[in-house]
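The structure under discussion appears below in the form of structure tokens.
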Amino acid sequence: MQTSLTINGETRQLDLDPRTSLLDALRHHLGLTGSKKGCDHGQCGACTVLINGRRVNACLSLLCMHEGDEVVPIEGLGQPGALSPMQQAFVEKDGYQCGYCTPGQICSATAMLEEIAQGWPSHVTADLEARPELTTEEISERMSGNLCRCSAYPNIVDAIRKAAGETA
Amino acid sequence: MRPFDYHRATAPDDAARAAASGGTFIAGGTNLVDLMKLEVMAPERLVDITRLDMRGIEETGDGGLRIGALVSNTDLANDARVRRDWPVLSRALLSGATQQLRNKATTGGNLLQRTRCLYFYDRAMPCNKREPGSGCGAMEGFNRILAVLGTSDHCIATHPSDMAVAMMALGAEVEIARAGGNTERLPLDDLYLLPGDTPERETVLAPGDLITAVILPAPVAGRQSYRKVRDRASYAFALVSVAAVVAVEDGKVARADLAFGGLAPKPWRDKDVEAALLGQPPSEALFDKAADILLAKAQGHGANDFKIPLARRVLSAVLTELTEGAAA
Amino acid sequence: MTEQFKMDAPATDRRLDGMAQGLVGAPLDRPEGPLKVSGTATYADEYRLENLAHGMLVRAPGNSGRVRLANRDAVAAMPGVLAVIHDPRLLRNPAQGTANKAPVQDANEAHYLGQPVALVVAESFEHARHAAHALKIELEGGTPRPVDPETAAIEPQSSKGLDQGDLDRAMTEAVHAVDVTYRTPSHSSAPMEPHASIAQWDGENLTLRGSYQMLKYNRNELADALGIHPDRVRILAPYVGGGFGSKLGLAPEAVAAAIAAKETGRPVSVALTRPQVFETTMRRSETRQRIRLAADAEGRLAGIGQAALVSNLPGEVFAEPVLQATHFLYAGENRRLSLDLARVHRLCAGSVRAPGEAVGITVLECAMDELAEAAGIDPVELRRRNIPEKDPESGKEFSSRRFREALDSGAEAFGWSDRPATRSRREGEWWIGYGMASAARVNVLMESRARVTLAPDGSAKVETDMTDIGTGTYAILGQIAGEMLGLPRDRVEVVLGDTDLPPASGSGGSWGAASSGTSVYVACQAIRAQLAERLGVAETELTLKDGQAVFDNRTETLAEILKGDEIAKEGHVLPGDTSKAVRQATFGAYFVEVAVNGVTGETRVRRMHGSFAAGRILNAKTARSQCLGGMIFGIGMALTEELAFDDRDGHVANHNLAEYHIPVNADVPQITVELLEERDDWASPLQAKGIGELGICGAAGAIVNAIHNATGVRVRDFPATLDKVIAGL
């Protein structure tokens, strides 16, 4: 099954089994193993990538449904020597331990800052019609779709605040 | 996952044709792909409807909203009109799943998601919903998350949606493009079937029927709340949830539109509960009476017994919150 | 050249304190960080080998009976399928940590529901997954098996117990007595990276890219399982996506991958699905613990009793060592500790982060809270009064123990003096309460080797088969080598996770940092000695800093001293007399504020603080992270985590991350950690002890105690889910 899509700004043409998830396409066929398979069922967030600018679980996405889409997995956010501010903040704040959930956390956090900037509310936003603020509570709720068993959560929150330009 | 044919629908009639011959619609896929990986669901043909023009949220002539079936949970929760006039719906959506999943999940798909019963998900276990006649593994098994209302001897599955609970309280209708070509509107309550002795049948939809939109009636006076109780602070299904639109006039309950999640095989609405509240001055005793009516037929199965007292507590707290300070 | 060091005497020279580079202890970033945050660190199942085939394990659908593959030929003929493996060498369950030999191998009989009994190998992951679903496993001639520890046959573990004095009498004579029974459920390590192996044969030599914690043991276990010589096995695990005990011992997927790769003549990847992680990797045993505490009017303990029931599969020797730290944490002349093991057909029980103390101290600390309440004594003060002078059973001295300081300092940092009376503070619907608990974990040094090479340009390389499972090994080994050799951190390269390198202790039991760190230290000492010899000075007179040697008021660069040579030394540390001469352990204290919803019984941890003493801290940043991790495991244990077994067949009903609730970000506050300054000369020449598990050894108790303070509800059946709380509200 032919699928054409943009990955990290590059047009890719793939001819794969229709059953192939976007996650497996990245990991098994494109050599982009930064997106992780923690559960394969949308229950952990390790596979989080950006599709057309929005964060999404790649494991629950069939590749064939993403014809023409723009996909940015972790490799597109920055590489050693040219890390994004969010990636750099995760290093400095020790926002990870084993590193397995980390690419998903960073894709998620990157999108999350944009969501707050655009005024999206969350479950913990007190006033649905007010602009949400970047509080610890908001960050924690909005990052709850990314499990971390090493449990770096407090450091992840600090890293996000740092990347957002606040004092952590 | 079993091999399947993939068809990307280009127009509604094309989708209907593709589905009529044994196809299953897919949009967000957050639940269908999940179940296909486990071969709990194994469609022979997937009809991808994501390219259809059903992403709009439009105002209806009578002050309501028509929500396209492909509107994502995110876009619906974020819609300024929904946040202002139907906040219970935004709240319900935001309490469900995660931002990643809400970005994918659609309005129509959310309504049709399957139960999270662990025995339904595990093919080594008996399940009348997955394999009619095989028995129910959950009845005497680990049923903490399962239903206490509307169940049958064959199935105690719960419907896991938060969004649908809020829509039920709001009196939403579902617009369906029937496989035959007609378009119909149904009250959301009528979309769902109780398990009875055919738990494999969850809705009135026939093969090829497509949900095209959800229609919210015009906003009504009153306070709104969605209260969800769960095992984690986030990213967990409801053990009990209550969606409520309540108004007090002249010291008496003038409106009490209530729906419940986590308790039943469908988003649960009980008009007798609402009738008992209407016209009465709010009081703890009244709320208790409402809970009595709601839970009169509730039946626990061991691990989920706690849902019965929990539902009572939550209902009472929600009614207290929404009637407190209202003109006495 | 190998330099051997046996830990026979306390290392009072504290050489690290006299070094000049200033790396050890510093809160440095992990050197591998840029790889991890950019998705370029490579985990086990991420090697795109040519011609790679994919395998999927298939489970037994019951816990008894002979295994029959009903449609093997049909599955073998499915599109893309390369092989259907049903081989007697398949592992029934993973090896226990440090087993060094294969565990029970049996693909012919079902022992527990979920046991891997076959492997389907196919051209693609998609083909393998579908064919594995299609393979029908039938069980013939099964009989009902015990799955409930409460009713199963019991084997007393008398060597773990103790009967000292007369506890019954102490209980009768006590002014304040507590006699309570607690239960903790089974837990899963649930690391974020599912267990995975890629096996590749080159003739008779096997390379396995795996996700393992203890490679030198894993190599022997894999060789034993396959019936080949360990020299023919190489395991690579440079990055491991979390372990927490579940990757200590060789697991079924590795053997299955090796057999399949041999049979198909292709490299084969086998990754567990998430349900398989829950069903086939180690569980922490559930426990039933009866605690008896006998105290005088001032709360001084005259007696302690802990009687524990745990379980495991038949044939497994591991019995959750619940009593481990109860032996020495508190005073009390009359002591009766006992451990019983029930034989059940649930998945294998083994090590999950801090086996023993995670549940044993947690429950002891809940009982201590009950005693404090009964005696009307502040919980912190009750602990202070019961700190024993020496090990209360052996009479040995403690190697170092800043337990009292942790209690005091933690209480101060947290603001413990503001603790409300029971069920007295309310904010809207929420009851507010404080709770605390002590932390204690045994400390162990293990045999370990590392090679350090000082290159002619004055850069260094550390090589060992040690693993970094998120623990910070890459960081600390580089810091130790840099400190000893006077090199900036970026002049030291650390290579890990390859059995071709000198064999290390592995990561487990909190011993990895001190053990592997000591091997690096010993190798560096030998290099320093050689440098000193070249310069004709005593090694102790040599100051190394920033790539330069300062001695006799002279300065030379390392390159000048080396004159084009390299110096390579292997350090080899062995535990010695200090492990027996004194009682070695780490200590600490937890303080927690919870809010408990008066309507729903939901609990939120609002604040959490831990003060810990674990000897010298090697990297303050990664050590803190380890403590955070342990404490957050404690939040899960206190509030949400439970493997839910179906009592009819013993299967794990909630075998996924949607229903096995590990904490999410929103469950966790901005926890604070204090690391107390300490040197333990008996533990290692680094004066460091283990810290990877200390954070969980009692943490859940502090939370459940706080729930009691908030609401007056005692939950004695973990986890304290809302249903158990509202039952008492």
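The values are calculated or read from the model by the stated rules, or taken from the named source; none is laboratory data. These numbers were taken from a predicted model, which means no experiment stands behind them. A quick note on method: Cβ atoms are made from the backbone with ideal geometry, for glycine too, and the neighbour counts reach across all protein chains shown. Keep in mind that these areas ignore ligands, DNA and RNA; they rest on the heavy atoms of the full protein, side chains included. Shrake-Rupley method; radii C 1.70, N 1.55, O 1.52, S 1.80 Å.
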task: Quickly run through the stretch B:199-244 and pick out the residues that are outside any loop (DSSP other than H, G, I, E, B), within 14 Å of chain A (Cβ to nearest Cβ) and among the hydrophobic types (A, V, I, L, M, F, W, C).
output: B:Val229
message: Out of everything in the stretch B:91-133 that is over 19 Å from the mean Cα position of the chain (by Cα) and among the basic types (Lys, Arg), what residue ends up being nearest to the other protein chains (Cβ to nearest Cβ)?
response: B:Arg123
statement: Over the stretch C:18-27, the set of residues within 14 Å of chain A (Cβ to nearest Cβ) and either open to solvent by less than 30 Å² (accessible area, probe 1.4 Å) or without any contact (Cβ under 8 Å) to a residue 24 or more places away in the chain (or both) is C:Ala26
field: Evaluation of A:Glu92 against (1) surrounded by fewer than 24 Cβ atoms within 10 Å (Cβ to Cβ); (2) of a type in the set (Asp, Glu); (3) closer than 28 Å to C:His195 by Cα (one fails), failing number
entry: (3)
query: Of the residues that make up the stretch C:252-266, is at least one outside any helix (DSSP H, G or I) and within 14 Å of C:Thr207 (Cα to Cα)?
result: yes
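Yes/no matrix, rows are residues, columns are (1) modelled with pLDDT of 95 or more; (2) of a type in the set (A, V, I, L, M, F, W, C); (3) part of a strand (DSSP E or B); (4) in contact with a Pro (Cβ under 6 Å, 6 or more places away or on another chain):
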residue	(1), (2), (3), (4)
C:Ala406	yes, yes, no, no
C:Ala413	yes, yes, no, no
C:Ser417	yes, no, no, no
C:Thr422	yes, no, no, no
C:Ser438	yes, no, yes, no
C:Leu445	yes, yes, no, yes
C:Arg449	yes, no, yes, yes
C:Thr453	yes, no, yes, no
- prompt: Looking at C:Arg491, C:Arg441, C:Arg534, which one is open to solvent by 20 Å² or more (accessible area, probe 1.4 Å) and either under 17 Å from C:His572 (Cα atoms) or touching a Ser or Thr at 6+ places or on another chain (Cβ under 6 Å) (or both)?
  reply: C:Arg491
message: With the requirement that a residue be open to solvent by 10 Å² or more (accessible area, probe 1.4 Å) and away from chain B (no Cβ under 12 Å), what does the stretch A:132-150 give you?
response: A:Glu133, A:Leu134, A:Thr135, A:Thr136
- request: Being basic (Lys, Arg) and open to solvent by less than 100 Å² (accessible area, probe 1.4 Å) is the filter here, so list the residues in the stretch C:155-169 that pass it.
  value: C:Lys160
task: Quick one: which residue in B:Leu186, B:Leu194 is open to solvent by 20 Å² or more (accessible area, probe 1.4 Å), without any contact (Cβ under 8 Å) to a residue 40 or more places away in the chain and out of contact with any Phe, Trp or Tyr (no Cβ under 6 Å at 6 or more places or on another chain)?
output: B:Leu186
query: In the stretch A:89-107, which residues are touching a helix residue (DSSP H, G or I) at 6+ places or on another chain (Cβ under 7 Å), closer than 15 Å to A:Arg55 by Cβ and more than 7 Å from every other protein chain (Cβ to nearest Cβ)?
result: A:Gln105, A:Cys107
task: Kindly list the number of the only condition in (1) crowded, with 24+ Cβ neighbours inside 10 Å; (2) touching a Phe, Trp or Tyr at 6+ places or on another chain (Cβ under 9 Å) that fails for C:Gln626.
output: (2)
- request: Just give me the residues in the stretch C:190-218 being within 14 Å of chain A (Cβ to nearest Cβ), in a strand (DSSP E or B) and farther than 18 Å from C:Glu50 by Cβ, in sequence order.
  value: C:Ala196
message: Kindly evaluate C:Thr586 against the criterion of being modelled with pLDDT of 95 or more, open to solvent by less than 30 Å² (accessible area, probe 1.4 Å) and assigned to a strand (DSSP E or B).
response: yes
message: Checking the structure you have, find out if any residue of the stretch C:219-237 is touching a Lys or Arg at 6+ places or on another chain (Cβ under 9 Å), within 30 Å of C:Lys36 (Cβ to Cβ), open to solvent by 10 Å² or more (accessible area, probe 1.4 Å) and assigned to a helix (DSSP H, G or I).
response: yes
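Yes/no per residue for (1) more than 14 Å from chain A (Cβ to nearest Cβ); (2) open to solvent by 20 Å² or more (accessible area, probe 1.4 Å):
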position	(1), (2)
C:Asp29	no, yes
C:Ser38	no, no
C:Glu46	no, no
C:Pro61	yes, yes
C:Asn71	yes, yes
C:Leu82	yes, yes
- prompt: What residue, of B:Ala15, B:Ala92, B:Ala97, is closer than 21 Å to B:Ala179 by Cα and surrounded by 23 or more Cβ atoms within 10 Å (Cβ to Cβ)?
  reply: B:Ala15
statement: The condition of being in the same structural domain as C:Ile707 (by TED's automatic domain parsing), of a type in the set (Val, Ile, Thr), open to solvent by less than 20 Å² (accessible area, probe 1.4 Å) and more than 20 Å from B:Gly141 (Cβ to Cβ) holds, among C:Val652, C:Val673, C:Val668, only for C:Val668
- prompt: Hey, any hits in the stretch C:316-334 for a residue that's within 28 Å of C:Ala110 (Cα to Cα) and of a type in the set (Phe, Trp, Tyr)?
  reply: yes
task: List every residue pair whose Cβ atoms lie under 7 Å apart, where the two residues are 6 or more positions apart in sequence or sit on different chains, the first residue falls within the stretch B:266-284 and is closer than 12 Å to B:Val165 by Cα and in contact (Cβ under 8 Å) with a residue 12 or more places away in the chain, and the second residue, located anywhere, is of a type in the set (D, E, K, R) and surrounded by 12 or more Cβ atoms within 10 Å (Cβ to Cβ).
output: B:Arg269/B:Asp189
message: Which numbered condition in (1) at the interface with another protein chain (Cβ under 9 Å from one of its Cβ atoms); (2) among the hydrophobic types (A, V, I, L, M, F, W, C); (3) touching a Lys or Arg at 6+ places or on another chain (Cβ under 7 Å) is the only one that B:Val71 fails?
response: (1)
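Residues are listed down the side, and each one gets a yes or a no for (1) open to solvent by 10 Å² or more (accessible area, probe 1.4 Å); (2) out of contact with any helix residue (DSSP H, G or I) (no Cβ under 8 Å at 6 or more places or on another chain); (3) facing chain C (nearest Cβ under 8 Å):
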residue: A:Ser21; (1), (2), (3): no, no, no
residue: A:His28; (1), (2), (3): yes, no, yes
residue: A:Gly34; (1), (2), (3): no, no, yes
residue: A:Ser61; (1), (2), (3): no, no, no
residue: A:Gln87; (1), (2), (3): no, no, yes
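Here's the yes/no breakdown for (1) touching a helix residue (DSSP H, G or I) at 6+ places or on another chain (Cβ under 6 Å); (2) open to solvent by 50 Å² or more (accessible area, probe 1.4 Å); (3) at pLDDT 95 or above:
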residue	(1), (2), (3)
B:Ala238	no, no, yes
B:Ala243	yes, no, yes
B:Ala247	no, no, yes
B:Gly251	no, no, yes
B:Pro265	no, no, yes
B:Glu284	no, yes, yes
B:Ala291	yes, no, yes
B:Ala298	yes, no, yes
B:Lys307	no, no, yes
Failed item in (1) touching a helix residue (DSSP H, G or I) at 6+ places or on another chain (Cβ under 7 Å); (2) open to solvent by 30 Å² or more (accessible area, probe 1.4 Å); (3) of a type in the set (Val, Ile, Thr), with C:Val452 passing the rest: (2)
